[in-house]
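Every number in this text was worked out from the coordinates using simple rules, so none of it is lab data. The model shown is predicted, which means the values in this text are computed figures rather than measured ones. A quick note on method: Cβ atoms are made from the backbone with ideal geometry, for glycine too, and the neighbour counts reach across all protein chains shown.
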Amino acid sequence: MTEQEVIELIDSSIAEEFELDRSEMGADANLYTDLGLDSLDTVDMVIVLEGAFNFKIREEEAIRAIRTLGDIHRFVLSKIDQQP
Amino acid sequence: MKEHSTHSGAKTASSVLTILLMNLWCYALLALWTLLGVCLFPFAFGLCLLVFRWSGDRIARLFIWIYGRGWLVLMSPFVRFRRQQMSVIKPDQPYLFVVNHLSFFDTYCMSLLPVHDITFAVRSWPFKMFWYSGFMRLARYLDVEGSSWEETLSNSKSAFAAGGAVLFFPEGHRSRDGELQRFYSGGFKVAISAGVQLIPLCIDGSDQLLPPDRKLLHPCRITLRALEPIDASLYADEGGHTRLRKLVKDRMTCALTEMRGEKL
């Protein structure tokens, strides 16, 4: 999967799960202030990403630092890089 | 012209008087009803434990339902309550209800349902209201914000196993314009994982009772309609919860449009 395909899968999965408008989903979009997500969505976000990429990330400390869609892109890409 | 304006002035004065009377009546009686409930609850609770041999949380849910019914009776001189299609709800069946959210009073309106063993799944803030939190904890209401997903699922399954229902507000917040907002997935995932029937409920009119940023209650009509049950176990495949959520939202949108007499 290319980097662009990974980003597309992340964005489409998140848009589907949280009923978001793709036109508002720039890499700089803050998940909470721009996209309207909140604490209840955090668990669902992890489940969506685990389902889309078939890895386990719920115990990862780095998730807590995620604020923007770009943070998610970078997090997932690095996670894929670390996989054997 | 003058006759028209006199007539309109009399009508305004009459509605102002009605609103004043309603607020004097409702707030005074509701305060008394609440006080009576709090004072009598320990004795009634103990008596029910002895007589029915039910679990404490089930008895607490019964009393909360009765308390809600009391609210509706006290409000009824000024608020017309209507129930529609309640025959789809069978007693002692483990349902998951999802209902749209317009007003603080929506929770009280759930006593319009023909079943009383309902575990509410709510955010953390209602648990911070000290005058309610003790009862909510006793009734084992679900704090979906303060609990893990596993705890919410496990506690929901316990409620279903006892033949009770669990109720979610999938929007998470009250709608400011009456339109359905984004739905959270939690309730749908619980229904699928537990394999129970999901019943969408539509409430209309409660936003007129106490409009946002107002302090005075207003006369209104409140309608609660139950939609056809959906077998959530049919959505256990990948992405099933998203399809179920969309289906429910579509059905609720159509029903609310019809209830409001708007064009589809």
| segment A:3-82: proportion of alpha-carbon pairs further apart than 18 angstrom, % | 31 percent
| note | Rounded to a whole number, the mean other protein chain Cβ count within 10 angstrom for residues of B:185-197 is 1
| request: Would you mind estimating how fast segment B:143-204 diffuses translationally, via Stokes-Einstein at 20 °C and 1.002 mPa s with the Kirkwood radius over Cα pairs, in µm²/s? | output: 168 µm²/s
| field | Two-decimal ratio, the protein assembly as shown, of alpha-carbon radius of gyration to 2.2 N^0.38 Å | value | 1.14
| remark: Inter-chain shielding metric for A:40-50, i.e. average beta-carbon neighbours from other chains within 10 angstrom, reads 3
| query | When the Cα atoms of chain B are enclosed in a convex hull and the volume is divided per residue, what value in Å³ results? | reply | 140 Å³
| note | Each label sits 7 Å from Cα toward the beta-carbon; between A:Ala29 and B:Ser76 the label points are separated, in nm, by 4.9 nm
| said: Suppose only helical runs count, i.e. DSSP H with n ≥ 4. What mean residue ellipticity at 222 nm does that imply for chain B under -39500 (n - 2.57) per run, divided by all residues and rounded to the nearest 500 deg cm²/dmol? | reply: -16500 deg cm²/dmol
| query | Against the longest alpha carbon principal axis of chain B, how many degrees, from 0 to 90 and to the nearest 10, is the axis of helix B:240-259 turned? | reply | 20 degrees
| task | Provide the per-residue ³J(HN,Hα) series for segment A:57-64, in order, calculated from phi with Karplus coefficients 6.51, -1.76, 1.60 and θ = phi - 60°, each as a whole number of Hz, with x at glycine and proline positions. | result | 10, 5, 8, 6, 5, 4, 4, 5
| task | With everything on Cα atoms, drop me the angle between helix B:149-161 and the longest principal axis of chain B, reported from 0 to 90° to the nearest 10. | result | 90 degrees
| field | Protection proxy ranking of B:151-160, B:96-105, A:52-61, B:81-90 - average other beta-carbon atoms within 10 Å, highest first | value | B:96-105, B:151-160, B:81-90, A:52-61
| remark: For segment B:121-231 the translational diffusion coefficient, Stokes-Einstein from a Kirkwood Rh over Cα pairs at 10 °C and viscosity 1.306 mPa s, in µm²/s, is roughly 101 µm²/s
| For A:Ile47, what is the net charge nearby, where nearby means another residue's Cβ is under 9 Å from its Cβ and Lys, Arg count +1, Asp, Glu -1? | -1
| If you keep only loop residues by DSSP, which trypsin sites (Lys or Arg not before Pro) in segment B:172-257 have at most 13 other Cβ atoms within 10 Å of their Cβ? | B:Arg176, B:Arg214, B:Lys215
| task | Could you pull out the pairs from A:Lys79/B:Lys157; B:Lys189/B:Lys246; B:Lys215/B:Lys246; A:Lys79/B:Lys249; B:Lys90/B:Lys189 whose alpha carbons sit more than 24 Å apart here? | result | A:Lys79/B:Lys157; B:Lys215/B:Lys246; A:Lys79/B:Lys249
| Cβ-placed point charges (K, R +1; D, E -1), dipole of chain B about Cα centre in debye, nearest 20 | 500 debye
| 10 Å Cβ neighbours from other chains, averaged over peptide B:217-230 | 0
| remark: In order over segment B:76-87: 3J(HN,Hα) from phi, Karplus 6.51/-1.76/1.60, θ = phi - 60°, whole Hz, x for each Gly or Pro, gives 4, x, 10, 10, 8, 9, 10, 10, 10, 6, 6, 5
| remark: In debye to the nearest 20, the charge dipole size for the protein assembly as shown, taken about the Cα centre with +1 at each Lys and Arg Cβ and -1 at each Asp and Glu Cβ, equals 2160 debye
